[in-house]
Structures are given as structure tokens and as C-alpha cells.
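The values are calculated or read from the model by the stated rules, or taken from the named source; none is laboratory data. These numbers were taken from a predicted model, which means no experiment stands behind them. So basically every Cβ, Gly included, is an ideal-geometry build from the backbone, and we count neighbours across all protein chains shown. When the accessible area is computed, the model is the full protein with side chains, heavy atoms only, and any ligands, DNA or RNA have been set aside. Shrake-Rupley method; radii C 1.70, N 1.55, O 1.52, S 1.80 Å.
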Amino acid sequence: MLRIIVRRIFILIPMLVLLSMISFIIIQLPPGDYLSSYVTRLESQGLKVDQAEIERLEQRYGLGRPLYTQYFRWMRNFIVNGDLGRSFGSYGSSHDNKPVSDIIMERLPATMIISIVSTIVVWAIAIPIGIYSATHQYSLMDYLSIFIGFIGLAIPNFLFAIIIMWLVFAQTGHAVTGLFSLEFKHAPWSIAKVIDMLKNVWVPVLVLATAGTAGLIRVMRANLLDELNKQYVVTARAKGLSERRLLWKYPVRIAFNPIFSTIGWLLPAMVGGEALVSIILNLQTIGPVLLTAVLRQDMYLAGSIIMILSALTLIGTLISDIALVWLDPRIRYD
């Protein structure tokens, strides 16, 4: 198992380097460069451009030099100083020309909390229902789970968010938008702010968990039904193995394989999130920032978020491979 993990890590390193290069190319795709866009924005606002500031930025990011020099300067600033460049636009409580790392870190805690809680809710609901549905095929509960699954997959999350907002407002007169009360909206992170967010997080969690729960129920049911019809299950039953012990010893464990293989998608989803849902519910997450950055060609911000999402996908895939090797001994001998 250790040999497999080491091999995966050695494959991961060049992939991360390649992804950083692709992200940098995305940053360079818009016409002009960081400095020209920065100067143009200041002049359009009637502000005077400080020549000393221009020279400092040229030195810091290697602007005007070959692309490979700029790339190595960008990566060095990121690795040594955590500097991913500066944003052109304004995002919520952020201001023009704010460091990209500050914008990301400002919204990362809320994004992670929403995504982690949503994932826990999805797994806690979908896996038991999927197991029960497979072991009680064609029962009333099985048909009900199939119906709920199709409804959950058919309704887009953003539409479900609008329906929830309308229902809550119609019944209570309370608008369930945002994650914080007014007194905590612009306050620094603290225990009180986290508690306040947990009071308001149930709506986005409910919306984001709907489609995930519906899909996971279908996957778990289909995989477990496939395992229950295999010869080793029939043989184990013929030998008198109890149904509970038979179910949990092999079929359920093997049915988890496709679920564990998708862990690699969870980490980028925790950061990217559902942009449309976040916009509708006025959530201070990274998803809307990425969408706005792409629309405004805010190249350092968009490219940096894309690089982080890509890196998280690779790291999540590594975690998924390790989990599969631990879960299914057959993979160790492939």
C-alpha cells in the first residue's frame, strides 16, 4: 500500500507544476498585462498614476520580461510570500487592487463550512436510504426513494433555492438570504460569528444537499443491487451466513468503491461551490467571486482560483486512491 501511495505522490508533483503553468497561461490570455490594466483603471477614475508604484510592480511581478520569467516570479512570490497577485475589481467588502490571497481567505471559511456540512448531510441521508432501498427492492420505500431521487435530480439547485426563499418568506416574512446577521456581516472571524453563521446556514445546506443526496441514493442502490446478485453472495447465503453479517462484510463495502472514487470532486466543490445558488442566496463564498472575476477578466484572481481548484482536484484524487486501496484489497494487487 505504501508503494502505491508513494507512486501516486510522484505522479502528483509534475501534474501540479503543469497545472500552475496552465493557470498562468490563463492569466496571460486577456489582452495587455496586469500593469497596463491597472494603470488604465486608475486613469479612468481620474486618479494620478504613481511612477514609483509602477516600477515597484514591474520589479515584483517581472512585468515586461519573458513569460517564463514572469511565471517563475509569480510562483516564487506564491511559495515564499503567499502572494498570488492583486485583484482589479471590487468584491463585496473588498476594495480595488486588493491582494488575491486576502480575497480568497476572506471567503474561504464560510465556503468550507457550507460545503463540509452539506457533504456530511448528503452522506448521512443518502447512504442508509440507498442500502435500505437495495435490500428491499420493489418495496414502498424503494419506489419512494426512486421518486424522490428523480425529483431531486430534475430540479436545478438555483430553482430550489428560489422556491425555499419564497416559501419561508411567505410563511414567516423573513428573507433567508446571506449567512450573517447585520452585526456580524463585516465583523472579523470569531466564535460568535461562526455561531451566527450556523444559525443561518441551514438553507444553503438544504439546497446544496438536495441534488447530491438524490444522486448518491441512486448510485448506492445500483451498486449494492449489482453486488447482491453476484455468485459469492449466493454461496455465502447457501452456507448459512447471517444476512446482516453477509451484507456488511462484502457487498456494502464493495458498493462504496464508486462513492469513494468521487472524493476527488469534493475538495474543489468545497471551494468552488454552486455559484448560482450563492448569488441567489447572497452567500459570501468563493463561487460568485470566480464568476465575477471571469466576466471582468480579473486575470490574477480568476487564474489563482482556477489553480487552487485544479490542485484540490489532484489532491482529492490522491485521497480517493488511498481510500480505495484501504477499502478494497483487490486494488492493491492490480
Below 8 Å between Cα atoms, with a sequence gap of 6+, how large is the relative contact order for the chain in percent? 26 percent
Just to confirm the number: angle between the C-alpha axis of helix 202-228 and the first principal axis of the chain, 0 to 90 degrees, nearest 10? 40 degrees
Per-peptide average of other Cβ atoms within 10 Å, ordering 152-161, 199-208 highest first: 199-208, 152-161
Compute a Gaussian network model of the chain, connecting alpha carbons closer than 10 Å, and tell me which residue from Asn229, Asn282, Asn77 fluctuates the most. Asn229
Which residues qualify? For Arg86, with a placed amide H closer than 5 Å and at least 5 residues away or on another chain, they are Val100
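Please give the charge dipole size of the chain, origin at the Cα centre, charges +1 on K and R Cβ atoms and -1 on D and E Cβ atoms. Round to the nearest 20 debye.
1180 debye
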Lys/Arg Cβ at +1, Asp/Glu Cβ at -1, dipole of the chain taken about the Cα centre: which of Ala175, Pro31, Gln51 is farthest positive-ward? Ala175
Got a sec? Charge dipole of the chain, +1 on Cβ for Lys and Arg, -1 for Asp and Glu; which of Val233, Leu67, Ile259 is way out at the positive end? Val233
Heavy atoms of the protein only, probe of 1.4 Å, neighbouring chains included. What is the accessible area of Met112 in Å², nearest 10? 60 Å²
Using Cα atoms only, what is the angle between the long axis of helix 286-295 and the major principal axis of the chain, expressed in degrees (0 to 90) to the nearest 10? 50 degrees
I want the local charge near Ile146. Using Cβ-Cβ distances under 15 Å, sum +1 for each Lys or Arg and -1 for each Asp or Glu among the other residues. +1
Relative contact order, percent, of region 151-219 when contacts are C-alpha pairs under 8 Å separated by at least 6 residues? 47 percent
Kindly express, to the nearest 10 degrees and within the range 0 to 90, the angle between helix 34-44's C-alpha long axis and the longest C-alpha principal axis of the chain. 60 degrees
Solvent-accessible ranking of His174, His136, His186, largest area first, probe 1.4 Å: His186, His174, His136
Looking at the square roots a ≥ b ≥ c of the eigenvalues of the Cα gyration tensor of the chain, which shape do they give, rounded for a/c under 1.5, prolate if a/b is larger than b/c, or oblate? oblate
